[in-house]
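Working notes, structure below.
Just so you know, all these numbers are worked out from the coordinates, no wet-lab data involved. Nothing here was measured: the structure is a model prediction, and the numbers come from that model. Cβ placement follows ideal geometry from the backbone for every residue including glycine, while neighbour counts extend to all protein chains displayed.
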Amino acid sequence: MTTIQTTIVSIVEGLTEFLPVSSTGHMIITEKLLKIPDDEYTKMFTVAIQLGAILAVVVLYWKKFFDFKNISFYFKLAVGVVPAIILGMLFSKKIDALLESSTTVAVSLLVGGVILLFIDKAFNHPRIESEKDTTFLNAFIIGTWQCLAMVPGVSRSAASIIGGMQQKLTRSAAAEFSFFLAVPTMLAATGYKLYKHYKEAGGFSGEDIKQLAIGNAVAFIVAMIAIKFFIGFLKKHGFRVWGIYRIVLGLVLLLLIWKGVIN
């Protein structure tokens, strides 16, 4: 990848990581439109730069992440990430295969979009307003919902937020817990991908390190802005607009696939 391609993909990642629209799906589409080779390095890069976006959560919520008096917070995240670690290791090859499918992304965007149109009415009686009121069982169930995002186009953010709302969290509480849960989840996913690439490729070249550094830095900066925007927007407008966006994007993507613009 060129520096310009790296920067564009990373901007897309930072903008979409915390929106319920699938950052992985958007990156796959972007990479195909930019004619970036669909090789093992690209798959690793697509996962690895999500770490930069995730670290934006730690910075914005640093009081939460470094409040060592609230030890249960860390245990809840540990419990919540267990399903993703287990399923990620068991189905790693199948997940990688799905990353090559634009059709999977398109269909997932469409289905997820339809669900988001009705999600606000489906779960409109919340009773949990903060992480402190979230139980370990809540955390585990939300973490299980998060695993749906292993299918490209589903959206980790959407899956975990819907899981939170299904567990009676308010929209904003579900969104924030989704952000928190993203940190250990993506740390584990990135660490595994980097290790796998290092082992199979025999290390990282200077250009690899440069691209990963640029990608994570850009994703971090853009994600800082996106997180602040999303929480405010979600409180006022809910999920319907994101559902419409996903449906339109899914239809456009299917058209591009049909026309041969995207393989």
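For (1) of a type in the set (Lys, Arg); (2) crowded, with 19+ Cβ neighbours inside 10 Å, each residue gets a yes or a no:
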position	(1), (2)
Asp39	no, no
Phe45	no, yes
Lys64	yes, no
Ile85	no, no
Thr103	no, no
Val107	no, no
Glu129	no, no
Inter-residue pairs, beta-carbon under 7 Å, first closer than 16 Å to Glu176 by Cα and in the range 55-84, second among the β-branched types (Val, Ile, Thr) and surrounded by fewer than 18 Cβ atoms within 10 Å (Cβ to Cβ), 6+ apart
Phe65/Val58
Taking the range 198-239 and the residues there that are buried (at least 21 other Cβ atoms within 10 Å of the Cβ) and not hydrophobic (A, V, I, L, M, F, W, C), the one that is farthest from Leu109 (Cα to Cα) would be Gln211
Out of the range 157-200, which residues are free of Cβ contacts under 8 Å to residues at least 12 places away in the same chain and of a type in the set (D, E, K, R)?
Lys199
Output for Cβ contacts, cut-off 9 Å, separation at least six or different chains, first residue closer than 17 Å to Cys147 by Cα in the range 95-121, second surrounded by fewer than 18 Cβ atoms within 10 Å (Cβ to Cβ) and among the acidic types (Asp, Glu), reads Asp96/Glu40; Leu99/Asp38
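Out of the range 178-197, which residues are within 18 Å of Thr42 (Cβ to Cβ) and crowded, with 18+ Cβ neighbours inside 10 Å? If you could, list the steps in order and put the result at the bottom.
So in the range 178-197, the residues within 18 Å of Thr42 (Cβ to Cβ) come out as 186, 189-190, 192-197.
Selection gives Met186, Ala189, Thr190, Lys193, His197.
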Of those in the range 128-143 that are part of a helix (DSSP H, G or I) and among the small types (Gly, Ala, Ser), the residue farthest from the chain's Cα centre (by Cα) is Ala139
Quick test of your reading of the structure: Lys76 fulfils all but one of (1) buried (at least 23 other Cβ atoms within 10 Å of the Cβ); (2) over 17 Å from the mean Cα position of the chain (by Cα); (3) over 27 Å from Ile142 (Cβ atoms). Name the failing condition by number.
(3)
